[in-house]
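Structure, as structure tokens:
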Amino acid sequence: MNPLRRPALIVIDVQRGFDDASWGPRDNPDCEANIATLLGVWRRRSWPVVFVRHDSADPRSPLASGSRGNDFKEMITGEPDLLVSKRVNSSFHGSPDLDRWLSAEDITEVVICGITTNHCCETTARVAGNLGYDTYFVVDATHTFDRQALDGSMIPAATVSAMTAANLHGEFATVITFTELATDLRSLPDARRESS
């Protein structure tokens, strides 16, 4: 990553409703801790942070607007530079307009994390790539759930995540791990020295 580009961290749908047992088994128990660490790094460097929240119009949804499940999880702290509300998978199809905001801020590089890997995170990465953003997808700062295949068999969440990574990498985004990103960030100048 190029620190001069002021990369935006897009934190997608890290909401209490995803703790609901109805979603089924999940992968990557380190997801939330990795996201919290990324948030800390971005804030120390004064880089832009975007929170995205899924405001479901379905009152039966664990993410229904106004419900406890709609709230962010406890590790999503502080005020973002932008809060996007959406009712579809893509963070670029919410309000306010994410693409317009990024363009106005002269941001060309985005780093994506959140829930779920293969739905809102993957869709957002695809749209970001199509719009021309230099897109990084931190796959182990996302998680997903087991999915039922058309033949009725269950696809483990880890396999779903691996398929998302394969779909995105080199086509829509650069897929990296949290460890790889942390190594890259450690090689950058300290934010205090950058501003001095």
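Could you give the length gained on full extension between Asp151 and Asp99, defined as 0.36 nm per residue of separation minus the Cα-Cα distance, in nm?
Working: separation 52, 0.36 × 52 = 18.72 nm, distance 3.83 nm.
The Asp151-Asp99 span can extend by a further 14.9 nm.
To the nearest 20 debye, what charge dipole does the stretch 3-195 have about its Cα centre, counting +1 at the Cβ of each Lys and Arg and -1 at the Cβ of each Asp and Glu?
Magnitude of the dipole: close to 320 debye.
Treat each spin label as a single point 7 Å out from the Cα along the C-beta direction, and report the Thr183 to Trp23 distance in nm.
The modelled label-to-label distance comes out at 2.9 nm.
Arranged from highest to lowest average of other beta-carbon atoms within 10 Å per residue, in what order do the peptides 79-91, 136-148 appear?
On the way: 79-91: 17.4, 136-148: 22.9.
Packing order, densest peptide first, comes out as 136-148, 79-91.
If R0 is 30 Å, what FRET efficiency do you get for Ala158 and Ser65 from their C-beta distance, rounded to 0.05?
Details: r = 31 Å, r/R0 = 1.04.
Efficiency at R0 = 30 Å is approximately 0.45.
Given the -39500 (n - 2.57) contribution per DSSP H run of 4+ residues, what per-residue ellipticity at 222 nm results for the chain, rounded to the nearest 500 deg cm²/dmol? Working shown, then result.
Numbers: 6 runs with 56 residues, N = 196.
Calculated from helices alone, the mean residue ellipticity at 222 nm is -8000 deg cm²/dmol.
Let me check against my output: what whole-number percent is the relative contact order of the stretch 3-195, with C-alpha pairs under 8 Å and at least 6 apart? Write down the numbers at each step before the final one.
Working: 360 pairs, mean separation 47.5, N = 193.
In percent, rounded to a whole number, it is 25.
How large is ³J(HN,Hα) for each residue in the stretch 171-177, as worked out from phi by the Karplus curve 6.51 cos²θ - 1.76 cosθ + 1.60 (θ = phi - 60°), to whole Hz, x for Gly and Pro?
Values, residue by residue: 10, 10, 7, 9, 8, 9, 8 Hz.
Which whole-number percentage describes the relative contact order of the stretch 1-87, with Cα contacts under 8 Å and a sequence gap of 6 or more? The partial results should precede the final answer.
On the way: 119 pairs, mean separation 33.9, N = 87.
Taking the mean separation of contacting Cα pairs over the length of the stretch 1-87, I get 39 percent.
Between Val84 and residues 5 or more places away or on another chain, which pairs have amide H atoms under 5 Å apart, with H built 1.01 Å from N, and which residues are they?
Result for Val84 returns Phe51, Val52, Arg53.
With a 10 Å cut-off between alpha carbons and a GNM built on the chain, which of Ile155, Ile112, Ile12 moves the most?
Ile155
Based on Cβ point charges of +1 for Lys and Arg and -1 for Asp and Glu, what charge dipole magnitude is obtained for the stretch 100-185 about its Cα centre, in debye rounded to the nearest 20?
Values: 3 positive and 11 negative charges, 55 e Å.
Around 260 debye, computed over the stretch 100-185.
Net charge near Ala158: determine it from the other residues with C-beta under 12 Å of the C-beta of Ala158, scoring Lys and Arg +1 and Asp and Glu -1.
Details: positive: Arg26, Arg147; negative: Asp27, Asp140, Asp146.
Taking every other residue near Ala158 into account, the sum is -1.
Which value does Rg/Rh take for the stretch 1-107 over its C-alpha atoms, Rh per Kirkwood?
Working: Rg = 14.5 Å, Rh = 14.8 Å.
Rg/Rh for the stretch 1-107 comes to 0.98.
If amide hydrogens are placed 1.01 Å from N in the peptide plane, which non-local residues have theirs closer than 5 Å to the one on Asp140?
Under 5 Å from the amide H of Asp140: Phe178.
Using the membrane-span-like helix rule (whole DSSP H runs, Cα extent along the own axis of at least 18 Å, mean Kyte-Doolittle hydropathy at least -0.5), which helices of the chain qualify?
On the way: long enough: 31-44 (20 Å, 0.31).
Those that pass (Cα extent of 18 Å or more, hydropathy at least -0.5) are 31-44.
Please order Trp101, Trp42 by the number of other Cβ within 10 Å, starting at the fewest. The partial results should precede the final answer.
Details: Trp101 16, Trp42 21.
Taking fewest neighbouring Cβ atoms as first place, the list is Trp101, Trp42.
Any read-out appearing in this document is the output of simple, stated calculations on the displayed coordinates, not a laboratory observation. Keep in mind the model is a prediction, meaning the values are calculated, not measured. Cβ atoms come from the backbone with ideal geometry, glycine included; neighbour counts cover every protein chain shown.
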